[in-house]
Every structure is written in C-alpha cells, then in structure tokens.
Amino acid sequence: MKKTIDVSIGGRLFTLDNEAYVQMKDYLERIGKNFSGTEGGEEIINDIEARIAELLIDADPGQVKVITPQDVEKIREILGEPSFFAGENEEGQAHRTANKNSPRRMYRDIDNRILGGVCSGISAYLSVDVVWIRIAMIVLAFFGFGTGVIIYLILWIVIPPAETRLQKLEMSGEPVTISSISDSVQDEFVRIRDKFRK
C-alpha cells in the first residue's frame, strides 16, 4: 500500500504518490530558487506551474489518476532542469535545440490585432507576413462578393484568442519550457518598462 498526497499545482488539485510528491516538491523548489531573484520571478514560477498542470492533465485527460515518479520524470524532460537555464550551459542549449520543433496551435493574436486578431493569428501559424494575410482577406471581401467578411467572422468565432503566455508560445511554435517561459516574461517586463519610460 502506497501513501498518496493531494497537492495543488497551477491552481488544480492532483494526487501524487509519496515518491512523486518528493520529486515534484524538489523540482518546484529548485525552480523557485532559480527565479526568486529575477525580475518577474513570481510570474515565471506561476506560468511554469500552470504548464506542469497542463501536462499532467494532457497525460490522462478525464481520468482520476495518481501521479507517479515516471510522470514527474516526463515533465522534467519536457520542461528541462532549472540549472540548465541558469547560465545557459551546454545541457541547456542541447535541451533548447531538442525541443525547437514544437507543433504550432492556431490562436487569434490579440496583441497584434486590427479587429479580432484572426489575420495575425493565421500569420503566426503559417509563418507568413501578416500583411499578405490581410491583403488576401481584403481581396476576398471586395472581389469575392463578401466571402472574406464571412470567412473572417467565422474564424473570429471558431479560433480561440491567445490570452496566456503559454498559448502565445504555442501559437508561435516555440517549445513551452522553463527557458521559453522565462524569456517571455522578461521580454514582457522590458516592453512594459519601455512603455512607461516613453
């Protein structure tokens, strides 16, 4: 008989066996130590926890499951070790390269939108300049007897917006790792600081 512990990770409740709990606690503590002194460290840690919760749910959707040490190990392989990214040593670079080709997901890019972010979302998904997508929509709107407007409205309804940092990384095809989450938060802090200075 194994002892299990209920824990909240990323705002969701999970049941871990005792060994998995010790491993997860150690992993999260090392992440906390690594980012505690950095700008936006708390946000980075929260986003990493949200990603861990997402990975645990994706591993066995709809099932009530006890998280095992193997599950924790898979998460560590996907996200990487915090020590890898502290100084971007060779292991960190290798992990970054190995996870470079993540599948892209379709979202509306609400940060670079004119209306609903459909064109900028398609642009990010296809890695095409947004100007070409917008031109195509305008051509369809005027010369396709309003087809472009109908298509745009349908896509606006169907495609979800990229609201979280994790969704924005998935939209651009970047792997959602400790390093990419950290870079994303720090870039956002720099953008906000530059806006206030202006």
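The values are calculated or read from the model by the stated rules, or taken from the named source; none is laboratory data. Quick caveat: nothing in here was measured; it's all calculated off a predicted structure. Cβ: placed from backbone, ideal geometry, glycine included. Neighbour counts: every protein chain shown.
Key figures
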{"read-out": "Hey, V118 surrounded by fewer than 18 Cβ atoms within 10 Å (Cβ to Cβ), farther than 30 Å from L28 by Cα and of a type in the set (A, V, I, L, M, F, W, C) or not", "value": "no"}
{"read-out": "Residue match in segment 35-43 (condition: under 30 Å from V190 (Cα atoms), of a type in the set (V, I, T) and either more than 16 Å from the chain's Cα centre (by Cα) or not in a helix (DSSP H, G or I) (or both))", "value": "yes"}
{"read-out": "Residue tally, condition assigned to a helix (DSSP H, G or I), farther than 14 Å from I122 by Cα and small (G, A, S), over segment 134-147", "value": "1"}
{"read-out": "Residue list for segment 10-34, restricted to those being of a type in the set (A, V, I, L, M, F, W, C) and within 19 Å of the chain's Cα centre (by Cα)", "value": "L28, I31"}
{"read-out": "Residues of segment 149-176 that turn out to be of a type outside the set (A, V, I, L, M, F, W, C) and not in a loop (DSSP other than H, G, I, E, B), as a count", "value": "7"}
{"read-out": "Flag for V185 being modelled with pLDDT under 80, hydrophobic (A, V, I, L, M, F, W, C), crowded, with 16+ Cβ neighbours inside 10 Å and assigned to a helix (DSSP H, G or I)", "value": "yes"}
{"read-out": "Count - residues of segment 66-104 that are at pLDDT 60 or above, surrounded by 15 or more Cβ atoms within 10 Å (Cβ to Cβ) and not in a helix (DSSP H, G or I)", "value": "6"}
{"read-out": "Condition check for F196: within 23 Å of C119 (Cα to Cα), out of contact with any Pro (no Cβ under 7 Å at 6 or more places or on another chain) and either outside the structural domain of T38 (by TED's automatic domain parsing) or not in a loop (DSSP other than H, G, I, E, B) (or both)", "value": "no"}
{"read-out": "Where S127 falls short, out of the listed (1) farther than 29 Å from K74 by Cα; (2) surrounded by 13 or more Cβ atoms within 10 Å (Cβ to Cβ); (3) hydroxyl-bearing (S, T, Y)", "value": "(2)"}
{"read-out": "Hits in segment 8-28 - residues which are hydrophobic (A, V, I, L, M, F, W, C) and in a helix (DSSP H, G or I)", "value": "A20, V22, M24, L28"}
